[in-house]
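Engineer: Once you've had a glance at the structure underneath, I'll fire off some questions.
The values are calculated or read from the model by the stated rules, or taken from the named source; none is laboratory data. Remember, it's a predicted structure, so these values are computed and weren't measured experimentally. Cβ sites come from the backbone with ideal geometry, for glycine too, and all protein chains shown count toward neighbours. The accessibility values were calculated without ligands, DNA or RNA, using every heavy atom of the protein model including side chains. Shrake-Rupley method; radii C 1.70, N 1.55, O 1.52, S 1.80 Å.
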Amino acid sequence: TPPECPFCGEAAGTELEEHVRTRHGHLLGAPGTGNGEQLYECPMCSLTCTNIQILEEHVDLHLEEHNFSEGTDLELAQQLQTEEDERQRSEEEKREREEFKKLQRQYGLDNSGGFKQQFLKNMEREVDRGRMQPFEYHKRKADMMESLASGIDDGKTKTSGVIEALCKYYQNENKDVRRVWLSAGVDHFHSSLGDRGWGCGYRNFQMILSSLLQNSFYNDCLKDTTLIPSIPKIQSMIEDAWREGFDPRGASHFNNRLHDSKAWIGACEIYSLLTSLRIKCQIIDFHKPTGPMGTHPRLFEWILHYYSTDNEGGAKVVCTSKPPIYLQHQGHSRTVVGIEEKKNKSLCLLLFDPGCSSQQMQKLLKQNSDGTGLKLLRKFVGSLKEKQYQIVAVDGVLSLEEKAARCRASQVLTSEKIP
């Protein structure tokens, strides 16, 4: 607060001394004493002086003290503000470090080991809890080590024949399905003790590859990949694609390393891996809802077009030669294996989810006439309400020249966006 004049109460600011002298100098004098001596009273503390010069020096001391106190308060305020800013900055940096570490753990980038380490740790936990006998632990460990050495998936999470079972079911279904399009044959793979919580992208790649391996059209480009690779092998294959030059931006996100990690992968890694194998594919980005209540009807329409193109016959059940589709959203991915068109013209996707166990998928091989088991697979428009979706769709084989061109293009990899 600006200092006030002790005589008139006016705010004088830094000019208080000058104000007192020029405006109220005549008041500095005081009535004399009885012996005729002139007295001067200090307007600030009522001290009486016998000499005007002494009074002026005294008042100057008051003013200097006030100015010093004002300066000290300002310096203290500035110091306190600086300390508060440093404290907040330190807390923010600490929060950012903790959040970054949390994200690293969440996405498997915290150097805590990969498939092998998690598999062994989870089996040890099962033994400790009495859910697994020691002899089974050692057998499964030996099988796992053999799988890792060969680079071939052990097939223990695989379920085959579901597409064929679905085809038979729909032939006899007469309730509400007008038409259905099914992908080419595909095996279902689910997460195991080694990749639970982070392996969905790898398991979906195994599903897509299982379908491609059953199609002679892809024999030439898959001649070096005749069996389903294990997850650590798939990680090495993606690293090989990066070394070829695919998606350097994505590679840098993982520090060019996936092996021995629990890193999540997404549509870009699936695209890079398939393209490196000379599988022609595309990424389609449904970057915002296109229907009411945050739904994505354009996604369903795109998938219907994918399966129904070249398959427009009048049959109710169309078993196409189209490979399944990789479907990604924040935090999870699944594999699209078909699409239903209901009699009311609504659409329903059929999805293989890596989160479904073999026991659940086996029930689909013995499909009841009421189709209750299909609840595992069916997703209507109102069921897919994430903010964004990406798909990777296979549509042919690349020549070596086309592969090289796509590798160059992936240096600035962008997906096609559906408006």
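Engineer: If you average the alpha carbon positions of the stretch 190-210 and of the stretch 106-177, how far apart do those two centres end up, in angstrom?
Structural biologist: About 8 Å separates the Cα centre of the stretch 190-210 from the one of the stretch 106-177.
Engineer: To continue, here is another question. Report the full-extension gain for the segment GLN117 to GLU10: residue separation times 0.36 nm, less the Cα-Cα distance, to one decimal in nm.
Structural biologist: On the way: separation 107, 0.36 × 107 = 38.52 nm, distance 7.92 nm.
Value of the extension gain: 30.6 nm.
Engineer: Another question, if that's okay. So how far apart, in nm, are the two label points at GLN133 and THR320 if each is 7 Å from Cα heading toward Cβ?
Structural biologist: Result: 4.8 nm between the two label points.
Engineer: Grab the Cα-Cα distance for GLN171 and GLU146, subtract it from 0.36 nm times how many residues apart they are, and report the gain in nm with one decimal.
Structural biologist: Full-extension gain reported as 4.8 nm.
Engineer: Modelling each spin label as a point 7 Å along the Cα-to-Cβ direction, I'd like the GLN362/LYS156 distance in nm, to one decimal.
Structural biologist: 1.5
Engineer: For ALA77 and GLU164, FRET efficiency with R0 = 60 Å and r from the beta-carbon atoms, rounded to 0.05?
Structural biologist: That pair, GLU164 with ALA77, gives E of 0.15.
Engineer: Between LYS375 and SER252, how many nm apart are label points set 7 Å from Cα along the C-beta direction?
Structural biologist: Going by the 7 Å Cα→Cβ label model, 4.8 nm.
Engineer: Moving on. Taking amide H atoms as placed 1.01 Å from N in the peptide plane, list the residues 5 or more away in sequence, or in a different chain, whose amide H sits under 5 Å from that of ILE152.
Structural biologist: Under 5 Å from the amide H of ILE152 lie the amide H atoms of SER230, each far enough along the sequence or on another chain.
Engineer: Give, in nm to one decimal, the length gained when the segment between GLN330 and GLN388 is fully stretched (0.36 nm per residue of separation minus the Cα-Cα distance).
Structural biologist: Numbers: separation 58, 0.36 × 58 = 20.88 nm, distance 0.75 nm.
Using 0.36 nm per residue and subtracting the Cα-Cα distance, I get 20.1 nm.
Engineer: Right, another one. What's the carbon and sulfur percent of the stretch 115-417's accessible surface, probe 1.4 angstrom, rounded to a whole number? Before the final figure, lay out each step's value.
Structural biologist: Working: 6850 of 14020 Å².
Carbon with sulfur: 49 percent of the solvent-accessible area.
Engineer: Here is a further query. Cross-link list LYS175/LYS363; LYS156/LYS403; LYS168/LYS343; LYS139/LYS233; LYS156/LYS385; LYS316/LYS366: which exceed 27 angstrom alpha carbon to alpha carbon? Please list the in-between numbers first.
Structural biologist: Numbers: LYS175/LYS363 21 Å; LYS156/LYS403 33 Å; LYS168/LYS343 19 Å; LYS139/LYS233 21 Å; LYS156/LYS385 32 Å; LYS316/LYS366 21 Å.
Going by Cα-Cα distance, LYS156/LYS403; LYS156/LYS385 fall outside the 27 Å limit.
Engineer: Rank-order 181-193, 117-129, 81-93, 205-217 by packing density, defined as the average count of other C-beta atoms within 10 Å over each peptide's residues, highest first.
Structural biologist: On the way: 181-193: 23.2, 117-129: 15.0, 81-93: 10.0, 205-217: 20.0.
Listed from highest to lowest mean packing, they are 181-193, 205-217, 117-129, 81-93.
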